Protein chains: 2
Amino acid sequence: MPRKSLLKQTLTLASLLSFSLFALYFTFVSPSTPNLTKINTQDSLFRSRENVAKEVKIYMYDLPRKFTYGVIESYDKSRGAQPKNDDSLLKYPGNQHSAEWYLFKDLNRPSHERVDSAVTRVDDPEEADLFYVPFFSSLSLVVNLNRPGTLIEHPAVLYSDEEMQESLIEWLENQEYWKRNNGWDHVFICQDPNALYKVVDRVKNGVLLVSDFGRLTRDQGSFVKDVILPYSHRINSYLGDIGAENRDKLLFFMGNRYRKEGGKVRDLLFQILENEKDVIIKHGAQSRESRREATKGMHTSKFCLHPAGDTPSACRLFDAILSLCIPVVVSDYVELPFEDVIDYRKVAIFVDSNTAVKPGYLVKLLRSVNTHRILEFQRNLYEVKHYFEYEDPNGTVKEIWRQVSQKLPLINLMINRDKRLVKRDLTEPDCSCLCSNQSGIQMTL
Amino acid sequence: MPRKSLLKQTLTLASLLSFSLFALYFTFVSPSTPNLTKINTQDSLFRSRENVAKEVKIYMYDLPRKFTYGVIESYDKSRGAQPKNDDSLLKYPGNQHSAEWYLFKDLNRPSHERVDSAVTRVDDPEEADLFYVPFFSSLSLVVNLNRPGTLIEHPAVLYSDEEMQESLIEWLENQEYWKRNNGWDHVFICQDPNALYKVVDRVKNGVLLVSDFGRLTRDQGSFVKDVILPYSHRINSYLGDIGAENRDKLLFFMGNRYRKEGGKVRDLLFQILENEKDVIIKHGAQSRESRREATKGMHTSKFCLHPAGDTPSACRLFDAILSLCIPVVVSDYVELPFEDVIDYRKVAIFVDSNTAVKPGYLVKLLRSVNTHRILEFQRNLYEVKHYFEYEDPNGTVKEIWRQVSQKLPLINLMINRDKRLVKRDLTEPDCSCLCSNQSGIQMTL
């Protein structure tokens, strides 16, 4: 009995002490603690204009492990690797859709290292303007050695990306903040054009971080609501000086000759280019060896061809930029990352597909670009390349968050508007659009 | 001859001196003068992210006088007023579409008075992010006592709003900066839903400052690109305290009973409401006398009805807000100003048209709102009313510029994207949209 009583006394004392400390904290220490009086509730109802302009607060969900490190573990397992006991030993595998890893890693940095980011991470969801869902959705697609829907290769692994997607939604639907604003304030990473494909209709209100809109319908994705990300480059940056003399090849391309949809232009380009002097155009699949060859090609050519793949975007464009190899873009529907701050005509040449496949046209055009112009393009490429370096502290990650933060006014508008909209007799979907009058130009050089 | 030679010497000296001063100025005084070396040209090609986030620079065109003060003069003339010799004596006539006057006046204030504005006025168009076209387009519509297209009333006046609109476009088309970016970076004020109606297709790339999108097609206007402005209130603000006891009327409406389109709901509302106790609903036209009566009604009623007019918006909503009379909005397609910072469910009640015209429904609903709830609405109205005061230094004008400045990232994106787009086989217009999934709720209280 005396022991129990002593315990009781200690507990009482401890709770009294912690209450005092708590009270003290609220009274003197924490200026930003929300005060729940009437007036302050008002303040949060009508977000003050200062807050909107200055600082965007993001909350990163603490997702069940299976959606983050668990995906890496499953990926390793299906390739026969030994399980690790410590998450910090897991290495996110190199691939072109690794923004999900860099963003996750960035938000996990200590806050004093993130002071110049456009978004501030907060631990209390109540304070947040935005909610980040860090599911490794692109890696999840390729956990099994084959693409989704096919049988798993390694008997020890039972992994289904589709089940993961469904499970994410199930988890989200139990979250208070997911329901609160119809998902408008949620940010999803789905960089691979197929990532989240099964549930995209249920997350489409959110800001989607994507490579392009090739697989999305107009009401699922647009550059008004979403953010186009660069692929992570797969070949090394060119570290030498600007110059044309060490680039003896005119044009370089290495990649899959046969693709679907817009990518059909590739075979036609092969036909007209494969016998041209100073042009290297060859079929190649993903491998360490072909990456080495591509690096050499991009570092020693003046121009690098970027035809559409299955969707309008491809990793190759960013490899070219970081190689200071002037991209020649033949992808009529491509959307480009960070286009509000980058004028791509200054760093790349755009040729429409119909013109590009005219025999002789492309080579003649590129040969007409003089050295002065080439150096100008290279200088401009040099100027913008930090935007495409995920590892650069002043690079891609910082710019992605800036782009996301710029969406906040429209997000807040949609949140407020959605809730007061009454039933209407609409003859078409309720969309607000930004339309271009331009029918497009034949070619831009 | 000696005189001429002296003159020559003086001129030479003067020009030498001014050249030195000029050089001195460029060397020491002006840190912001653009330096036209290669590197700085690059800087302006890739707008630095700091600039985009921090400060938005606007250039106001020095339009020919006929588009600004000339419109006031013509308006006065057609009403028989004596001509003034001095523009500063001209008084912009009070009307519900006077944002054009307040914005013009604001940009003409000395820069030290405008330091907390979201847009900084610049004198050099080369520095500008945005270009403001201060044509008094709404006043121009009503210069003649009758509406556009009808014969002028006063024989001394020869004024045609349509000719003014055409003439504005003609003038713009001679401007270098208008052509430079397809007009994306131009800001037009056309607050009256009919303002600029004849040329809106030619200015639609610009940011349009409008009351609603009732007369605009989807590719002409949307809240993604444009800014919804409040009408200038026409009755006096309520300056008394929050409270229900001095408001003995339940619901008030005064205005035109018969309107076109969505406004047809008005006659139905009259039918179900005109015999209700504590409800004042009466037909009234614009006059000083009816404004006085409306002021009294709005200041002594708990709720103020806001049915659609010919277009979804109307001045009355803002009169109600400033009267602390809780708006009851029956206008299914209304878009509201500043909805990213104002949650209108906290200050108004929204009822869809079909429900609102059910006999007995509206009155029963409003009688069910208890005093506690009414005071809460009033407190919220009090909190937001500054957004609707054009005269308040922290009011409408400041917020309009903040809204405009938020459009800059999308404007810059469209400028860059438009110029590199190649010819494509589009099956539908090239629009990027933000779509609401909501089919709308029956009524929001």
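Distant-in-sequence amide contacts of B:Phe213, defined by a placed amide H-H separation under 5 Å and a gap of 5 or more residues or a different chain, comprise B:Glu335. A:Tyr258 contributes an accessible area of around 140 Å² to the protein surface, as traced by a 1.4 Å probe with all chains present.
Site pair B:Thr217 and B:Lys277 shows an inter-label distance of 5.4 nm when each label is modelled 7 Å from Cα along Cα→Cβ. Measuring only protein heavy atoms, the 1.4 Å probe finds B:Lys358 accessible over about 110 Å².
Within region A:47-228, the ratio Rg/Rh, alpha carbon atoms throughout and Rh by Kirkwood, equals 0.97. Of B:Ile411, B:Ile280, the residue with the largest accessible area leads and the full order is B:Ile280, B:Ile411 (1.4 Å probe). What separates the B:Pro359 label point from its copies, with the point 7 Å along Cα to Cβ, is 8.3 nm, written shortest first. Projected onto the charge dipole of region B:249-388 (+1 at Lys/Arg Cβ, -1 at Asp/Glu Cβ, origin at the Cα centre), which of B:Val329, B:Phe350, B:Gly297 gives the Cα projection farthest towards the positive end? Sorting the options by dipole projection puts first B:Gly297. Projecting the alpha carbon convex hull of region B:363-445 along each direction and taking the average yields 10.4 nm². Scaled to the globular estimate 2.2 N^0.38 Å, the Cα spread of region A:358-408, given as radius of gyration, is 1.73.
Accessible area per residue for region B:303-440, computed on protein heavy atoms with a 1.4 Å probe, is 29 Å². The accessible-area ordering, largest first, of the residues A:Trp184, A:Trp171 stands as A:Trp171, A:Trp184, per a 1.4 angstrom probe. Expressed in Å, the radius of gyration and Dmax of the Cα atoms of region A:249-388 are 13.9, 39. Between copies, the label points of A:Thr371, set 7 Å from Cα on the Cα→Cβ line, lie 9.0 nm apart, reported in increasing order to one decimal in nanometres.
Basic side chains Lys and Arg get +1 at the Cβ, acidic Asp and Glu get -1 at the Cβ, and with that the dipole of region A:249-388 about its Cα centre reaches some 540 debye.
Between copies, the label points of A:Glu113, set 7 Å from Cα on the Cα→Cβ line, lie 5.0 nm apart, reported in increasing order to one decimal in nanometres. The reciprocal of the average 1/r between distinct C-alpha atoms defines the Kirkwood hydrodynamic radius, which for region A:201-284 equals 16.4 Å.
Ordered from largest to smallest accessible area (heavy atoms of protein chains, 1.4 Å probe), the residues B:Glu170, B:Glu274, A:Glu73, B:Glu100 come out as B:Glu170, B:Glu274, A:Glu73, B:Glu100. Enumerate the aspartates and glutamates that A:Lys198 could reach by cross-link, defined here as Cα to Cα under 18 Å, with residues fewer than 8 away along the same chain left out. Straight-distance partners of A:Lys198: A:Asp161, A:Glu162, A:Glu163, A:Glu166, A:Glu170, A:Glu173, A:Asp212, A:Asp219. Pairs exceeding a 20 Å alpha-carbon distance, out of B:Lys264/B:Lys358; A:Lys249/A:Lys385; B:Lys277/B:Lys364: A:Lys249/A:Lys385. Accessible area of A:Arg109 (1.4 Å probe, protein heavy atoms only, ligands and nucleic acids ignored): about 90 Å².
Shape analysis of region B:258-302 based on the Cα gyration tensor places the equivalent ellipsoid semi-axes at 20, 16, 8 Å, largest first.
A Förster radius of 56 Å combined with the Cβ-Cβ distance from A:Leu239 to B:Asn236 puts the calculated FRET efficiency at roughly 0.20. Share of carbon and sulfur in the accessible area of region B:47-228 stands at 47%, probe radius 1.4 Å. Considering only chain B, the C-beta nearest to the rotation axis that sends B to A is found at B:Cys433, 2, the distance in whole Å. For the chain pair B and A, buried accessible area totals roughly 8200 Å², probe 1.4 Å, rounded to the nearest 100.
The values are calculated or read from the model by the stated rules, or taken from the named source; none is laboratory data. Quick caveat, the model's predicted, so the values are computed rather than measured. Here the Cβ is made from the backbone with ideal geometry for all residues, glycine too, and neighbour counts use every protein chain on show. Note: accessible area is taken over every heavy atom of the protein model, side chains too, but ligands, DNA and RNA are not part of it. Shrake-Rupley method; radii C 1.70, N 1.55, O 1.52, S 1.80 Å.
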